[in-house]
Structure formats: C-alpha cells, structure tokens
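Have a look at the structure below, then the notes.
The values are calculated or read from the model by the stated rules, or taken from the named source; none is laboratory data. Here the structure is a predicted model, which is why all the values come from computation and not from measurement. Note: ideal-geometry Cβ built from the backbone for every residue, glycine included; neighbour counts use all protein chains shown. When the accessible area is computed, the model is the full protein with side chains, heavy atoms only, and any ligands, DNA or RNA have been set aside. Shrake-Rupley method; radii C 1.70, N 1.55, O 1.52, S 1.80 Å.
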Amino acid sequence: MVCPGRAHVRWAGGGVSSPMAGLPRLVLLLSGKRKSGKDFVAEEIQSRLGPDVCAILQLSGPLKEQYAKEHGLDFRRLLDTSDYKETYRQDMIRWGEEKRNTDPGFFCRIVVEGVTQPVWVVSDTRRLSDVEWFRDVYGAAVQLVRVVATEETRKRRKWVFIVGVDNAESECGLDQGVTFDWVITNDGDELSLDSQLEKLLHFIYSKL
C-alpha cells in the first residue's frame, strides 16, 4: 500500500513474516520534532539514491490504518497534514502507546515486511523502543539520524505547541538516552542542508 501524495513511502498490512527475510545494508532511523522536516529529509535522501535503492518506511502508517479501522475513520485523511489528522492525534498517540506497551515491536514488524531495497529510511522514529527493536534485529546496519530546526523555523512551518502532543513521548521519547550518529540541521538554508546530505550520502554509498 502506498501513501497517496508521497511516492515510494510504504508500509505493509496483513500477516507478518520474519523481518530477517530481506536484510538491509543500512537502516537510517530519522527522528525530530514536529515540523523539523523529517519527511523532507527522508525524501531528499531517497531522491538522490533512487527508489530502487532506498525505501522510506513510516511507522505511523500501520498505526493510522489500524486506528482508522477500529474507530471508523477516513484512513487517507489521517495520512495528510490536515486538521482532520490533528483532531485525532492525541487519541491516536494514546491508542498507539497501548499497542506498544503490549508489544513494543508491533508496528516495526509490520512496516519492514517485504521491503527489498538495501537502504531503509524510517522517517518517523519516535521512541526508544523503536530504536531498540531495530538495533536488536538489524544490529550494526542501524544509524540514528536526528533532524533539527529552531522553534522559529518550526513556527514558520505552522508549528504550534499542543499540550499532550508536544510534551508526550511521541515527541520527547528520544530527547535523551540515545546518541545520534548524524545530526541534520534543517532551518531553510538549502546550501547547508545539501552539504550535510552529501556527507551522509557519501557514508551510505560506502555501505552499498
């Protein structure tokens, strides 16, 4: 299933096979605050590598799909940046936490099923349990990438602090307790971003 409006962003539904079936050369776990530009950075990486080499995975895809089914909602509208998604964001966070507390790898196993590209970019890594699952399964192939932007930049991108969202684990779960292999500053300076991405791409090519 492909997310409308985002080419080559994927997740899988249905039965879950062994995540070891298609071992990647590299797994980039992207994290960052809302409106830091995680999706943009993920898409830039994929556009430079090509969709045959790089797959973008979204842990929120299977979460939103299952949440929509259980609550009778419009799944496709939960995928975009509309107010519709924001209306249900807090309850989706609560519901997702309940699923993860029962099974920390629930969404991770779904999202990697059947992916065959050698480079995976998980564009919405939010929790330590996500990092631990990928490290346990894929070991040294995992790299942590933090996308950062100032509050001023995020506000220009229409970010507004929401109690219960911006102070929840989904936003703050990786603020401490992890060491990032890469930090990408995405404040709107195209030349700076390009230079940072080229360094990361050089590393990626060294692993292929």
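Hey, can you tell me all the residues within the stretch 117-131 that are open to solvent by 10 Å² or more (accessible area, probe 1.4 Å) and either aliphatic (A, V, I, L, M) or modelled with pLDDT of 95 or more (or both)? Hits for the stretch 117-131 are 117, 118, 128. Scan the stretch 132-160 residue by residue and report those that are farther than 18 Å from residue 99 by Cβ, open to solvent by less than 60 Å² (accessible area, probe 1.4 Å) and not β-branched (Val, Ile, Thr). Those that are farther than 18 Å from residue 99 by Cβ, open to solvent by less than 60 Å² (accessible area, probe 1.4 Å) and not β-branched (Val, Ile, Thr): 138, 139, 141, 143, 144, 146, 149, 154, 159.
Scanning the stretch 58-88 for residues that are closer than 20 Å to residue 165 by Cα, among the basic types (Lys, Arg) and open to solvent by 40 Å² or more (accessible area, probe 1.4 Å) returns a single hit, 77.
Taking the stated definitions as given, is residue 194 without any contact (Cβ under 8 Å) to a residue 12 or more places away in the chain and either under 29 Å from residue 89 (Cβ atoms) or surrounded by fewer than 16 Cβ atoms within 10 Å (Cβ to Cβ) (or both)? In short, yes. Listed by first and then second residue, the pairs with beta-carbon distance under 8 Å, at least 6 apart or on different chains, first residue in the stretch 129-141 and without any contact (Cβ under 8 Å) to a residue 40 or more places away in the chain, second of a type in the set (A, V, I, L, M) and surrounded by 15 or more Cβ atoms within 10 Å (Cβ to Cβ), are 135/142.
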